[in-house]
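Each reported figure results from applying straightforward, stated rules to the coordinates on display, with no laboratory input. The structure presented is a predicted model; accordingly, all values stated were derived computationally and were not measured. Here the Cβ positions follow ideal geometry from the backbone for every residue, glycine too, while neighbour counts run over all protein chains shown.
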Amino acid sequence: MPRTFAMIKPDAVQAGNVGNIVAHIQTAGFRIVGMKLVQISLQQAQRFYQVHAQRPFYGELVEFMSSGPSVVLALESENAVQKWRDTIGATDPAEAAEGTIRKLYAESKGRNAVHGSDSDENAAIEIAFFFAGTELVG
Ligand code: UDP
Ligand code: MG
């Protein structure tokens, strides 16, 4: 079964929305195969978002992502990557469709509540970045 990588970002953890977002994930039909609370270092955030290193928002992004606890998840479903992207909505909550997680819980384009992988290849890389094999259920 295909997998994707999801993250509940520090803004949503701080706002007390972990439970709401986990419920949303399950209602949407994903099977959670890995989940844990982490606080990533600045260096980890820089590596995780390396692809955006040249973008003007990079410094603010990695500072925000290491500013407090996050919840990282590995999710399974048919068409997991696209289905999770559809469930979270557009990067900017102002442009996110009604009922999406970002529309419901994101504060701004930067502090946007959740992360989702953008391809099967990156999903595998991102799951391996955060989870040991023993932390994922079969
Ligand atoms: N981001 C930002 N400003 C922007 C674009 C992106 O602060 O103009 C942040 C935002 O937190 C976003 C992350 O950088 O989720 C990664 O950007 P990407 O374009 O990959 O968006 P995503 O895949 O998360 O929708
Ligand atoms: Mg992205």
- Note on the structure: The local net charge around residue 14, scoring Lys/Arg +1 and Asp/Glu -1 for residues other than residue 14 whose Cβ lies under 15 Å from its Cβ, equals -1
- Note on the structure: Projected area averaged over all directions for the convex hull of the alpha carbon atoms of the chain, nm², comes out at 7.6 nm²
- Message: Which of 68, 116, 16 ends up with the largest GNM mean-square fluctuation for the chain, with Cα atoms connected below 10 Å?
- Response: 16
- Message: Explain nothing, just the number: relative contact order of the chain, from Cα pairs under 8 Å at least 6 residues apart, as a whole percent.
- Response: 38 percent
- Note on the structure: Connecting every pair of Cα atoms under 10 Å apart in the chain and solving the GNM, the largest mean-square fluctuation among 69, 56, 93 falls on 56
- Task: List every residue whose amide H lies under 5 Å from the amide H of residue 114, counting only residues 5 or more places away in sequence or on a different chain, with H placed 1.01 Å from N in the peptide plane.
- Result: 9
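To the nearest 500 deg cm²/dmol, what mean residue ellipticity at 222 nm is calculated for the chain from DSSP H runs of n ≥ 4 alone, each contributing -39,500 (n - 2.57), summed and divided by the residues?
On the way: 7 runs with 55 residues, N = 138.
Only helices count here, giving -10500 deg cm²/dmol.
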- Note on the structure: As straight-line cross-link partners of residue 103, the qualifying lysines (C-alpha separation under 22 Å, not fewer than 8 residues apart within one chain) are 9, 83
- Message: Could you derive backbone 3J(HN,Hα) for the stretch 106-119 from the dihedral phi with the Karplus parameters 6.51, -1.76 and 1.60 (θ = phi - 60°), listing whole Hz in sequence and x where the residue is Gly or Pro?
- Response: 6, 8, 6, 4, x, 8, 10, 6, 9, 10, x, 4, 9, 7
- Within straight cross-link reach of residue 36, meaning Cα distance under 12 Å, which aspartates and glutamates are found once same-chain residues fewer than 8 apart are removed? 135
- Message: I need the phi-derived Karplus couplings for the stretch 10-21: 6.51 cos²θ - 1.76 cosθ + 1.60, θ = phi - 60°, integer Hz, Gly and Pro marked x.
- Response: x, 5, 6, 5, 4, 7, x, 9, 4, x, 4, 6
- Task: Using the Karplus curve 6.51 cos²θ - 1.76 cosθ + 1.60 with θ = phi - 60°, work out ³J(HN,Hα) for each residue of the stretch 76-83 in order, rounded to whole Hz, and write x for Gly and Pro.
- Result: 10, 5, 4, 6, 4, 4, 5, 4
- Where in the stretch 72-94 does the label zone of residue 18 land, with the point 7 angstrom along Cα→C-beta and an amide N cut-off under 19 Å? 72-75
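Please report, in whole Å³, the volume per residue of the convex hull around the C-alpha atoms of the stretch 57-135. Kindly include the intermediate steps, with their values, before the conclusion.
Numbers: hull volume 8.8 nm³, N = 79.
Spelled out: Cα convex hull of the stretch 57-135, divided by residues, is 112 Å³.
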- Comparing 91, 100, 27, which has the greatest mean-square fluctuation in the GNM of the chain with Cα pairs linked when under 10 Å apart? 27
